[in-house]
Amino acid sequence: MTYSPHTDAERARMLEAIGVGSVDDLFDDVPPAVRATGFGLPPPLTEQEVRAELGRLAGRNRVPEISFLGAGVYRHLVPAVVGEVIGRSEFATAYTPYQPEVSQGTLQSIYEFQSLICELTGMEVASASHYDGATATAEAALMACRLTRRHRIVVSTGLNPEYRRVLRTYCSGPGVEIVEVPADLAEGGSGTTHADAARQALGDSIACLVAQQPNFYGQLEPMSELAEAAHGAGAQLVAVVEPVSLALLEPPGSYGADIVTAEGQPLGIPASFGGPYVGLMAARMDSVRQMPGRLVGATRDVRNQRGYVLTLQAREQHIRREKAASNICTNQALCALAATAYLIAVGPEGLREVAVAGTTQVRHIAAALEAAGLAERRFTGPYFAEVALRMPRATARREALLARGMVAGYPLERDEAALADTLLLAATELTTDDQVERLVDALQATP
Amino acid sequence: MSVADTRPAAAAPGGSDTSGRGSAFRSGTPEGDGVTVVEPLIFEHSRPGRRAVRFPSPSAAARQAAASQPRVPDPLRRRAAPRLPEVSELDLVRHFNRLSHLNFAIDLGFYPLGSCTMKYNPKVNEWAAHLPGFADSHPLDPAPLSQGSLELQWLLAELLKEVSGFAAVSLQPAAGAHGELTGMLMARAYHASRGEGEQRTTVLVPDSAHGTNPATASMVGYATVTIRSNERGGIDLQALREALGPETAALMITNPSTLGIFEDQIDQVIAAVHEAGALAYMDGANLNAILGRFRAGEAGFDLMHFNLHKTFSTPHGGGGPGAGPVGASDRMAPFLPTPLPLLEAGDPEEVRRNAWRGRSTPGGRFALEQPDARPTSIGKVRAFTGNFGTHVRAYAYIRSNGADGLRSVSNDAVLAANYLRVRLSDAYELPYDRICKHEVIFSGRRQKRANGVTTLDIAKALLDEGIHPPTIYFPLIVDEALMIEPTETESLETLERFVEVMHDIARRASQDPAALRASPRHTPVGRLDEAGAARRPDLRYRFPDGADSAPAGPTEP
Amino acid sequence: MSSTSVPAELRYSKEHEWVRDEDGRATIGITSYAADELGDIVFVELPDVGARLTQFAAFGVVESVKAVSDLFAPLSGEVVEVNEALRTQPELLNQDSYGEGWIARVSIGNPSELDQLLDADAYHELTGQP
């Protein structure tokens, strides 16, 4: 199946107009020595066959009936209206809004996205979005280096290990050194980053402190104290947050974050085996010129109508080339549109309901497993919508539960040897009482 | 030059919707200052207490159990709820449908935006990406639950290897520029592994290159050296040889170039780069021109990124998401990002053969590489394994087309571009008058010199004709550039109409230049004050005074 | 504003900066020719007061909607004052390049450097204006 409209007669007409005998003549400029010798792809398929093949592959995935897996990606209800909005081909099949007169739909929706992210984070300016939360965080760290003209950063190990890996890769290019400040993983510890430890790692050559709220273990970090520690050393605080949590938690703008990043996936974007997602980034207005990525601004047209344009473009690669703030070119516009439609669909009350449901059910899980004597909380102190639970033979029992179509969270020993036999369990509004009961039953049946 | 020349433009009489679907808009809502509003911001639709989606409350039992657990301490709580808009679901739907009417899109009309490959985005690909088995697949689900996702990624990488002639492909990069970053980090790692990390500090980039190339080089700490093009639009081989040296890390070259020209000395270019101990990186942005004709890996390139959203038809989404997989030669493969999808059990040949016939292979098992399994890897450039939804669409596209289809994609794309080249060369200056590939570059110099009509004016006049303008003012080495990429999916009638409109604009440029400079007249908004937007940035909605946030509601737990 | 104006009393660099010598202090800016070439200027990155400039080295950046250009010091010296108005009204560079659009005042380190600059006629010729 091809999507070319041309008949052979039309092709012949075009070749004649061009003045060549065959289409092969149009490829004479490929030097004979390096012409393709093979192209061993399978034969074409009809739509019916394509559907069968893609159906086969999708069918080989087994979506668990019950899952308490989060660890940075959360299964939430995606309201039908969100799919409807981003499915409109006027949005989906448009390119970057370089011609603003015929791109006001995309431009205004990005302006609304930026406004929503500012409101949610309490920050002054938000970018039009990044590839994902991890790359947004890496870009934020490099941005802090430009702002402070320093070349070392401090990263809390409470930061999602995927993000830490991406940070390492991004920093290896320009040679930015990473110093890790460990979260308190000791027995009876809080699982969080102590401000004293952060202060020790900071010094007068550190560009920023990167910390996550709630952190990877679901624990609540003392962000105000971490901000103070960073600022005391002339460094910036890069706060990595979870957007749904901001319905209940203090916005980063209030505790002194300088740059805020987040994975926007929980806002109406399916898990989709890791992407596409949308990276959020927000900052203070006085650092906007070092901010990477697209920005949309409001202005007026010649008819005195309100309109929107890509703005402050001189920061970007297509103008500044080797001096650009970043090489980033695309944003994740369609995913940003999904997040925009989601935040509007749920509104302030709905976002609060989602956050309350997750925080309540995760406590329900912890309480039920503790009451049954099956598990104990690995850390002391408050957590948000994810909890680290220790239980004997955790990894083996998680395997056993898999056979019952249940994913009992994320095994933390994968990243930290100190967290053996500890599972990270997440809840969202999709988590039901029945699922919690079945988890308890299944663990009881799997000693 | 600036777009913000606020020359007087007569407002289009009677509404401004050119979608042909009838205007859903009033002629504009007046605001203070004489400004009118085409569609209010969603914040301006908001009414306190209005709601769309609701969620069930946790049960009393759940709440009671939760009460035994630590609460979120008061100092960490938000004191005022975020002022998100409060609208009904119908308000939301109308708002975004109205906004969608203000957009141009491939599904509405001809979009010959050079270097962007705005081809048709097949609908069956969307259907595939939305299959629940894919959409609900968690990236950290244990491998036994994700066999379909892993097999698809493994198969797509196999297909891309065959398309490009490379030894290995990583699907992780999320965009073309992200693929470039990956490639340059790999170049660094390669040179470091040979003890030449300190020595090799520069990257060579032709003057016709996309801005991401030099920006990428800087991001990994390389200095950029610009290589001039020759009078035929190719890289100047002599200049390249002079620039190459023991300090050169890599050449980044777009082929076909942004001038739409295949580098007809590419074999010599690659040889010269390798002779200097440097790496040859191909920017694969323009792969749509050469499918089945030229395979970068086979030709000797060390690295290349693909743009799945260009060549392989995944929708551009108004500026993303896309995907920028990277292909690597044998010697570069060890440095690819981790994790790669692996065939853990089973014979690759058998698995491919079965999959091409729509069958699973009994005993075939897929897994992700362990995070630290390959110490030479540059690590991760993105969380998880990339934009999987984009991978699904690209896989569906390649399978639909097959070998013959993909060959004809490039044949027809090149045919269309050359057809426009010969049909428009009487009206517009053609700086490089030779066979082109997927796109053709004209210059608006003649119109500017004779009539004071700029390429920007020509672009804006096209908007009034329901045609998206070509890429303009790029590449930088062509004055008043018009970069036209028709793609293979546009019919001859569409191409003919474009020719007719471009001829008409050339005629009007000499007869009534003032009218052209006043275009567009029939778009929802006219030319916008971009200078004003940049001088006094307004990047977010400002709540009217007194619109305080409601206190955050009860926040158990 | 006229793109052909080249005030006779000023000195010019080939990089399109002008200098007004005021008894040991120099006011510097960019020429109206340069401002026209850049288009609508939207941002000027000013040097810090106290910064030391080196003749013909970059000391700041000027941005228009679609272009970026370095500012090159027409002569060496210490910055004693910058034009704060440009932070909120960068358009002054387009509107009044030789007046309200001045960029910085500099204490002249080496007066002989002025001899390496162009006079109005030579600059006029450089820009090839009619």
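Computed from the coordinates by the stated procedures, all read-outs in this text should not be read as laboratory data. This structure is a prediction, so every number in the text was calculated from the model and none was measured. When we count neighbours, we look across all protein chains shown, and the Cβ atoms used for this are built from the backbone with ideal geometry, even at glycine.
At a glance:
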{"quantity": "Under Karplus coefficients 6.51, -1.76 and 1.60, residue-wise ³J(HN,Hα) of the stretch C:21-31 in Hz, glycine/proline x", "calculated": "7, 10, 6, x, 10, 10, 9, 10, x, 10, 6"}
{"quantity": "Debye, to nearest 20: dipole size of the stretch C:24-130, +1 on Lys, Arg Cβ, -1 on Asp, Glu Cβ", "calculated": "260"}
{"quantity": "Distance (nanometres) between label positions extended 7 Å along Cα→Cβ at B:ASP264 and B:ALA450", "calculated": "2.9"}
{"quantity": "Spacing of the two label points (7 Å from each Cα toward its C-beta) at B:GLU298 and B:ARG507, in nm", "calculated": "4.7"}
{"quantity": "Spatial separation of Cα centroids for the stretch A:128-207 and the stretch B:208-254, in angstrom", "calculated": "33"}
{"quantity": "Alpha-carbon spread of the stretch B:411-535, three principal axes, descending order, Å", "calculated": "45, 32, 29"}
{"quantity": "Modelled FRET efficiency - R0 30 Å, A:THR37 with A:ASP8, Cβ distances, 0.05 increments", "calculated": "0.65"}
{"quantity": "Between 0 and 90°, nearest 10: helix A:333-371 axis offset from chain A longest Cα axis", "calculated": "30"}
{"quantity": "Per-residue HN-Hα couplings for the stretch B:459-465 [Karplus 6.51, -1.76, 1.60; θ = phi - 60°; Hz; x = Gly/Pro]", "calculated": "4, 5, 5, 4, 4, 5, 9"}
{"quantity": "Among beta bridges that DSSP assigns inside chain A, antiparallel share in %, nearest 5", "calculated": "50"}
{"quantity": "Chain lengthening between B:SER88 and B:LEU237 when straightened (0.36 nm per residue, less Cα-Cα)", "calculated": "47.3 nm"}
{"quantity": "On Cα atoms only, tilt of A:104-121 relative to the major axis of chain A in degrees", "calculated": "10"}
{"quantity": "Chain A: most fluctuating residue of A:SER129, A:SER254, A:SER22 per GNM, C-alpha cutoff 10 Å", "calculated": "A:SER22"}
{"quantity": "Normalised contact order of the stretch B:288-406, rounded percent, pairs of Cα under 8 Å and 6 or more residues apart", "calculated": "29"}
{"quantity": "Dipole of the stretch B:127-401, positive end: most advanced residue of B:GLY386, B:HIS178, B:MET304 [Cβ charges, Cα centre]", "calculated": "B:GLY386"}
{"quantity": "Fraction of antiparallel bridges per DSSP, the protein assembly as shown only, in percent to nearest 5", "calculated": "70"}
{"quantity": "Rounded to the nearest 20 debye, dipole of the stretch B:34-111 from Cβ charges on Lys, Arg, Asp, Glu", "calculated": "540"}
{"quantity": "Size of charge dipole - the protein assembly as shown - debye, nearest 20, with Cβ of Lys, Arg +1 and Asp, Glu -1, no other charges", "calculated": "2260"}
{"quantity": "Amide H contacts of C:GLY101 (H built 1.01 Å from N, under 5 Å, at least 5 apart or other chain)", "calculated": "C:ASP96"}
{"quantity": "For a label point 7 Å along the Cα-to-beta-carbon line of A:GLU187, residues of the stretch A:345-387 with backbone N under 19 Å", "calculated": "A:374-381"}
{"quantity": "Table column - 3J(HN,Hα) (Hz), the stretch A:236-241, Karplus curve with 6.51, -1.76, 1.60, x for Gly and Pro", "calculated": "9, 9, 9, 9, 9, 10"}
{"quantity": "Other-chain or far-sequence residues with amide H under 5 Å of B:MET304's (modelled H)", "calculated": "B:MET282, B:GLY327"}
{"quantity": "Positive minus negative residues near B:PRO82 (Lys, Arg vs Asp, Glu; Cβ under 10 Å)", "calculated": "+2"}
{"quantity": "Residues A:GLU437, A:GLU322 arranged by fewest to most Cβ contacts within 10 Å", "calculated": "A:GLU437, A:GLU322"}
{"quantity": "Max mean-square fluctuation residue, GNM over chain C, Cα-Cα springs under 10 Å, options C:THR27, C:THR54, C:THR88", "calculated": "C:THR88"}
{"quantity": "Long-range amide H partners of A:GLN305 with built H, under 5 Å", "calculated": "B:THR36"}
{"quantity": "Listed residue pairs exceeding 19 Å between alpha carbons, taken from B:LYS123/B:LYS310; B:LYS119/B:LYS437; A:LYS323/C:LYS14; B:LYS310/B:LYS380; A:LYS323/C:LYS66", "calculated": "A:LYS323/C:LYS14; B:LYS310/B:LYS380"}
{"quantity": "Tilt relative to chain A, helix A:223-232 - C-alpha long axis, 0 to 90 degrees, to 10", "calculated": "70"}
{"quantity": "Antiparallel %, DSSP beta bridges [both residues in the stretch A:80-342], to 5", "calculated": "40"}
{"quantity": "Candidates A:LEU249, A:LEU57, A:LEU77: whichever shows maximal mean-square fluctuation once chain A is modelled as a Gaussian network with Cα springs under 10 Å", "calculated": "A:LEU57"}
{"quantity": "Rg/Rh ratio calculated on Cα atoms of the protein assembly as shown (Kirkwood radius)", "calculated": "0.96"}
{"quantity": "Cα lying deepest toward the dipole's positive end in the protein assembly as shown, options C:HIS124, A:GLY232, A:THR135, charges on Cβ", "calculated": "A:THR135"}
{"quantity": "B:VAL37/C:ASP70 FRET efficiency (R0 56 Å; Cβ-Cβ; nearest 0.05)", "calculated": "0.90"}
{"quantity": "Positive dipole terminus of the protein assembly as shown, leading residue within A:TYR98, A:SER22, B:PRO362 (C-beta point charges)", "calculated": "B:PRO362"}
{"quantity": "Residue exposure sequence - A:CYS171, A:CYS335 - by fewest surrounding Cβ within 10 Å", "calculated": "A:CYS171, A:CYS335"}
{"quantity": "Exposed-loop-free span, longest in chain B, where GluC sites (Glu not before Pro) count as exposed if DSSP calls them loop and at most 13 other C-beta atoms lie within 10 Å", "calculated": "B:232-557"}
{"quantity": "Euclidean distance of C-alpha centroids, the stretch A:1-63 and the stretch A:229-257, integer Å", "calculated": "51"}
{"quantity": "FRET efficiency for B:ARG542 and B:SER57, using Cβ-Cβ distance with R0 set to 45 Å, rounded to 0.05", "calculated": "0.85"}
{"quantity": "Mean-position separation - Cα centroids, the stretch B:153-201 and the stretch B:268-324, in angstrom", "calculated": "11"}
